[in-house]
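Colleague: Before I ask anything, let me first share the structure, which is written out below as structure tokens.
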Amino acid sequence: MIVPFIFVLRRSLEETPEFLAMGKHPTASEVFSSAAANWRIIGFGMLMVAMTTVTFYFITVYTPTFGKTVLDLSTRDSLLVTLCVAVTNFIWLPVGGALSDRIGRKAVLLAIAGLTLVTAYPAGLAGLRDNLRKMLTVELVFSFYFGLYNGAMVAALTEIVPAHVRTTCFSLAFSLAVALFGTFTPLASTWLIGKTSDKASPGYWLMLAAASGMAATLAVYRGGKTIAARDAVTA
């Protein structure tokens with residue numbers, strides 16, 4: 001149902017001022033050459049996206065399976081949690097973007113990734129109850145993390161990528177992170193539980209993603225300048 005609406009949006013979108021200001025638009029080969037030259041931005045961007053995509057798959061894809069197979073909740077209750085998470089994601093995403101506009105991308109990214117790093121495992125322990133209310137509470141906390149972080153991260157990743165290869169580099173960073181981290185989340189979570197017999201062990205996978213996001217954010221915004229700004233000065 002949303003596809004026609006997407007086509008309407010796409011036809012009405014305006015180009016960014018940076019793109020319009022370019023005197024010459026690069027060819028496909030030039031775009032890919034520039035993307036290869038900006039491999040560091042793609043790599044750091046991928047690590048920033050890892051936090052987003054792992055959290056998203058954790059709270060929306062893995063939750064119904066976890067609720068049914070581990071906590072013995074009904075299918076209805078598990079899907080109800082997923083529905084509530086989807087609604088709160090919709091609320092927190094623009095809040096994260098607006099907050100990062102006001103206090104800065106770096107501050108929001110580091111704060112949320114840091115909170116995730118220290119609370120992922122304890123929150124998993126708290127949610128290990130055959131109780132819909134406790135599981136919903138934990139999932140809503142992770143939804144808050146996802147929405148605020150992703151709202152800031154998308155803007156940050158767009159800003160740090162050079163304008164002439166923005167779409168290419170952004171797409172590569174996002175797609176690689178989803179493929180390598182996000183879609184692997186249900187398998188990693190199940191494997192960790194099987195190996196450790198600890199139902200809260202999927203929190204370790206989320207902690208790894210949070211640490212990746214923090215490290216990449218610090219690298220991107222090192223010295224008060226973004227990596228793109230530092231590279232431009234070097235060039």
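Colleague: Looking for whichever is part of a helix (DSSP H, G or I), among the hydroxyl-bearing types (Ser, Thr, Tyr) and crowded, with 21+ Cβ neighbours inside 10 Å here; the options are 63, 88. Which one fits?
Modeller: Working: 88 fails: crowded, with 21+ Cβ neighbours inside 10 Å.
On inspection, the qualifying residue turns out to be 63.
Colleague: If you take the residues of region 171-194 that are open to solvent by 50 Å² or more (accessible area, probe 1.4 Å) and of a type in the set (Phe, Trp, Tyr), which of them is farthest from the chain's Cα centre (by Cα)?
Modeller: Selected residue: 191.
Colleague: Given the criteria closer than 30 Å to residue 39 by Cα and touching a residue at least 24 places away in the same chain (Cβ under 8 Å), does residue 88 qualify?
Modeller: Considered against the rule, which asks whether it is closer than 30 Å to residue 39 by Cα and touching a residue at least 24 places away in the same chain (Cβ under 8 Å), residue 88 comes out as no.
Colleague: Go through region 195-214 and give me each residue that's open to solvent by 60 Å² or more (accessible area, probe 1.4 Å) and modelled with pLDDT of 90 or more.
Modeller: Answer for region 195-214, where residues must be open to solvent by 60 Å² or more (accessible area, probe 1.4 Å) and modelled with pLDDT of 90 or more: 195, 196, 204, 208.
Colleague: Within region 129-157, take every residue that is open to solvent by 50 Å² or more (accessible area, probe 1.4 Å) and within 22 Å of residue 96 (Cβ to Cβ) and give me the one that is modelled with the lowest pLDDT.
Modeller: 137
Colleague: Any residue in region 70-77 that is touching a residue at least 24 places away in the same chain (Cβ under 8 Å) and within 30 Å of residue 32 (Cβ to Cβ)?
Modeller: So in region 70-77, the residues touching a residue at least 24 places away in the same chain (Cβ under 8 Å) come out as 70-73, 77.
Among the residues that remain, those that are also within 30 Å of residue 32 (Cβ to Cβ) are: none.
No, there is no match, as no residue in region 70-77 is touching a residue at least 24 places away in the same chain (Cβ under 8 Å) and within 30 Å of residue 32 (Cβ to Cβ).
Colleague: Determine, yes or no, whether residue 170 is over 21 Å from residue 64 (Cβ atoms) and either touching a strand residue (DSSP E or B) at 6+ places or on another chain (Cβ under 8 Å) or among the aromatic types (Phe, Trp, Tyr) (or both).
Modeller: Judged against the criteria, residue 170 is a match.
Colleague: Checking the condition more than 23 Å from residue 198 (Cα to Cα) and in a helix (DSSP H, G or I), which residue from 8, 54 passes? Spell out how you get there, then give the answer.
Modeller: Working: 54 fails: more than 23 Å from residue 198 (Cα to Cα).
Being more than 23 Å from residue 198 (Cα to Cα) and in a helix (DSSP H, G or I) holds for just one of 8, 54, which is 8.
Colleague: Starting from region 91-104, keep only residues that are more than 9 Å from residue 155 (Cβ to Cβ) and touching a residue at least 24 places away in the same chain (Cβ under 8 Å), then list their pairs with residues that are open to solvent by 60 Å² or more (accessible area, probe 1.4 Å) and part of a helix (DSSP H, G or I) whose Cβ atoms are within a distance under 6 Å, requiring at least 6 positions of separation or different chains.
Modeller: So the pair list comes out as 92/144.
Colleague: I'm told residue 71 meets every condition in (1) assigned to a helix (DSSP H, G or I); (2) under 29 Å from residue 209 (Cα atoms) except one. Can you identify the failing condition by its number?
Modeller: Going through (1) assigned to a helix (DSSP H, G or I); (2) under 29 Å from residue 209 (Cα atoms) one by one, residue 71 breaks only (1).
Colleague: So in region 224-235, with the set limited to residues that are open to solvent by 80 Å² or more (accessible area, probe 1.4 Å) and assigned to a helix (DSSP H, G or I), which one is modelled with the highest pLDDT?
Modeller: 234
The values are calculated or read from the model by the stated rules, or taken from the named source; none is laboratory data. Since the model is a prediction, treat every value here as computed from it, not as a measurement. Every residue, glycine as well, gets a Cβ built from its backbone with ideal geometry; the counts of neighbours run over all protein chains shown. Accessible surface is based on the protein model in full, side chains and every heavy atom, while ligands, DNA and RNA are left aside. Shrake-Rupley method; radii C 1.70, N 1.55, O 1.52, S 1.80 Å.
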